Amino acid sequence: MTAPLPTTPLTPAERRVAQHIVLGLSAREIAAATQLSPNTTHSYLRVVRGKLRCPERCTLAVVAHRLIASGEAAAPASDMPAPALSAAQLVLLRAVTEYSRPLDIARAAKLAPADLHASLDQLLADAGAADTTQLVTRAHAWQLLSPGQAETVPSGARR
């Protein structure tokens, strides 16, 4: 059973920081690009996570997915066509958009925890992505993720 995850709209300043998240920038890179202090950038990231109902320590890949799925940020256009991903890779992709902890990702993807690293490396290579945040934003650009996916959470699940 799933329950809707309401989000609070971002302010224009938060939306500017959010757009840098979906571009795959780290907190330090966002600070440099926006000419904000690292502390201010971390404050914005904390507020954005809260407004998206993301746990404090969720990955930027999860944040990027929720930003795009909620319409708070646009996915950057992909510079390459969508790869042909297997059904198992699509399940892993969806797990990466919802979970931050490797064990939770492995469980959601129905993988043995010991196989997660190799499977994720292969998915990143097949998608031509440098990291999971870029993978998620490319998947959105390729329309591989359903628009409402970020708005639901399986009951009892940990993010």
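The values are calculated or read from the model by the stated rules, or taken from the named source; none is laboratory data. Everything numeric here is computed off the predicted structure, so don't read it as measured data. Here the Cβ positions follow ideal geometry from the backbone for every residue, glycine too, while neighbour counts run over all protein chains shown. Ligands, DNA and RNA are excluded from the accessible area calculation, which covers all protein heavy atoms including side chains. Shrake-Rupley method; radii C 1.70, N 1.55, O 1.52, S 1.80 Å.
Considering the range 109-134, the residues that are in contact (Cβ under 8 Å) with a residue 40 or more places away in the chain and part of a helix (DSSP H, G or I) include one that is surrounded by the fewest Cβ atoms within 10 Å (Cβ to Cβ), namely D126. A residue that is more than 18 Å from A130 (Cβ to Cβ) and open to solvent by 60 Å² or more (accessible area, probe 1.4 Å) can be found somewhere in the range 91-101. Of the residues in the range 2-16, at least one is under 17 Å from Y99 (Cα atoms), touching a helix residue (DSSP H, G or I) at 6+ places or on another chain (Cβ under 7 Å) and surrounded by 14 or more Cβ atoms within 10 Å (Cβ to Cβ). Of note, A82 does not satisfy the criterion of being in a helix (DSSP H, G or I) and of a type in the set (A, V, I, L, M, F, W, C).
The set of residues in the range 33-50 being part of a helix (DSSP H, G or I) and either over 13 Å from H20 (Cα atoms) or open to solvent by 50 Å² or more (accessible area, probe 1.4 Å) (or both) consists of A33, P38, N39, T40, H42, S43, Y44, R46, V47, R49, G50. Here the condition is being modelled with pLDDT under 95 and closer than 25 Å to D131 by Cα; of A3, A27, A13, it holds for A27 alone. Is it the case, given these coordinates, that S26 is farther than 29 Å from A118 by Cα and among the hydroxyl-bearing types (S, T, Y)? Here the answer is no, as S26 does not meet what is asked.
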